[in-house]
Amino acid sequence: MNYHVLTLFPDMIRDGFQTSITGRAVEKGILTLETINIRDFSVNKHNRVDDYPYGGGAGMVMQAEPVCLAYESVAAGLEKKPRVLYMSPQGKVFDQRMAEELAAEEELVFLCGHYEGIDERVLEEIVTDEVSIGDYVLTGGELPALVIMDAVSRLLGGVLHNEESAQFDSFHDNLLEYPQYSRPEEWRGKKVPPILLSGHHANVEKWRREQSLIRTRQRRPDLLERANLTKEDKKFLANLEEM
Ligand code: 9D3
């Protein structure tokens, strides 16, 4: 996977990527990261890349030409037109399904905005997907781009160790994970649930499944509606209702 990030803050992207598992994946040759500073494509003698919005209003707008030139400098090196993800509060909200779909691409271009946004005309020309990471206000698209690259990267072969493998993600079946415990058996008067010490593997699995169901119903009932529940799961939840 080759990531290309168009941004006014390339250091923020590089710093966020180097630390953590994605940095290791670059060293292993599974990922590449190219950052493109949009300011390098300013068409203005003061190196500006923003200007006042037509029609008035607060703030500044990123101009079309520097963004387009920055994009073209990336596209020129590619065989076909890549997907271009514009990070924007107006976009479709990112989820695990989108991460899986994006992980199938060879090249991904991220466009990070700042100020009040980017001139709509260049967006119409180059953007294929407009993506938000959720309903809260950030200062720009850099952290969202890092979030998406992180979620996509861990799905690529060789990025994770086998034991932390993405195939066991609980989001796959739309259930939250069961609680975890480690030593000591008793910590500040709080005991580990005895069933986990019983050595009875089938009972442990049953208990974990039930904990997942309880938690999902309590914290994320919206997920439960999309979960693949067995007959036993449904019976267990129906019994809970009565209590
Ligand atoms: C104060 C500016 N706002 C006008 C009411 C609009 C606005 C523009 C740019 C709000 C936030 C931003 C910066 N955010 C992003 O670029 C962004 C974002 C986000 O803020 N939340 C969730 N996902 C994303 S993706 C890009």
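The values are calculated or read from the model by the stated rules, or taken from the named source; none is laboratory data. Since the model is a prediction, treat every value here as computed from it, not as a measurement. All Cβ positions, glycine included, derive from the backbone under ideal geometry; neighbour counts span all protein chains shown. Just so you know, the surface numbers come from the protein's heavy atoms only, side chains and all, with ligands and any DNA or RNA stripped out. Shrake-Rupley method; radii C 1.70, N 1.55, O 1.52, S 1.80 Å.
Checked against (1) more than 16 Å from the ligand (Cβ to nearest atom); (2) modelled with pLDDT under 95; (3) farther than 30 Å from Asp233 by Cα, Glu116 passes all but condition (1).
When Asn47 is tested against (1) open to solvent by 50 Å² or more (accessible area, probe 1.4 Å); (2) within 16 Å of the ligand (Cβ to nearest atom), exactly one condition is not met: (2).
To keep it simple, each residue is scored yes or no on (1) at pLDDT 95 or above; (2) within 16 Å of the ligand (Cβ to nearest atom); (3) part of a loop (DSSP other than H, G, I, E, B).
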| site | (1), (2), (3) |
| --- | --- |
| Val109 | yes, yes, no |
| Leu123 | yes, yes, no |
| Leu138 | yes, yes, yes |
| Pro144 | yes, yes, no |
| Gly157 | no, no, yes |
| Tyr178 | yes, no, yes |
| Tyr181 | yes, no, yes |
| Gly199 | yes, no, yes |
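A single entry from Gly134, Gly158 fulfils the requirement of being at positive phi, in contact with a Phe, Trp or Tyr (Cβ under 9 Å, 6 or more places away or on another chain) and touching a residue at least 24 places away in the same chain (Cβ under 8 Å): Gly134. Considered as a group, the residues in the range 177-208 that are under 22 Å from Glu241 (Cβ atoms) and buried (at least 16 other Cβ atoms within 10 Å of the Cβ) include one that is farthest from the chain's Cα centre (by Cα), and that residue is Trp207.
In the range 216-230, is there at least one residue being more than 34 Å from the chain's Cα centre (by Cα), in a helix (DSSP H, G or I), of a type in the set (S, T, N, Q) and surrounded by fewer than 15 Cβ atoms within 10 Å (Cβ to Cβ)? Steps first, please.
First, the residues of the range 216-230 that are more than 34 Å from the chain's Cα centre (by Cα): none.
Checked the range 216-230: no residue is more than 34 Å from the chain's Cα centre (by Cα), in a helix (DSSP H, G or I), of a type in the set (S, T, N, Q) and surrounded by fewer than 15 Cβ atoms within 10 Å (Cβ to Cβ).
The single residue among Val26, Val84 that is assigned to a helix (DSSP H, G or I), touching a Ser or Thr at 6+ places or on another chain (Cβ under 8 Å) and without any contact (Cβ under 8 Å) to a residue 60 or more places away in the chain turns out to be Val26.
For Ile36, the criteria (1) in a helix (DSSP H, G or I); (2) open to solvent by less than 80 Å² (accessible area, probe 1.4 Å) hold in every case but one, which is (1).
Kindly indicate the residue of the range 146-155 that is open to solvent by 40 Å² or more (accessible area, probe 1.4 Å) and of a type outside the set (D, E, K, R) and also farthest from the ligand (Cβ to nearest atom) among those meeting that condition. I'd like the intermediate steps shown before the answer.
If we filter the range 146-155 for residues that are open to solvent by 40 Å² or more (accessible area, probe 1.4 Å), which is where we start, we get 147, 150, 154-155.
Imposing the further condition that a residue be of a type outside the set (D, E, K, R) reduces the set to 147, 155.
On the way: Val147: 9, Leu155: 20 Å.
Checking each candidate, the answer is Leu155.
When the residues of the range 76-104 are filtered to those that are open to solvent by 30 Å² or more (accessible area, probe 1.4 Å) and under 21 Å from Arg14 (Cα atoms), the one that is farthest from the ligand (Cβ to nearest atom) is Gly77. Scanning for something outside any helix (DSSP H, G or I) and buried (at least 16 other Cβ atoms within 10 Å of the Cβ), does the range 66-73 turn up at least one residue? No, there is no match, as no residue in the range 66-73 is outside any helix (DSSP H, G or I) and buried (at least 16 other Cβ atoms within 10 Å of the Cβ).
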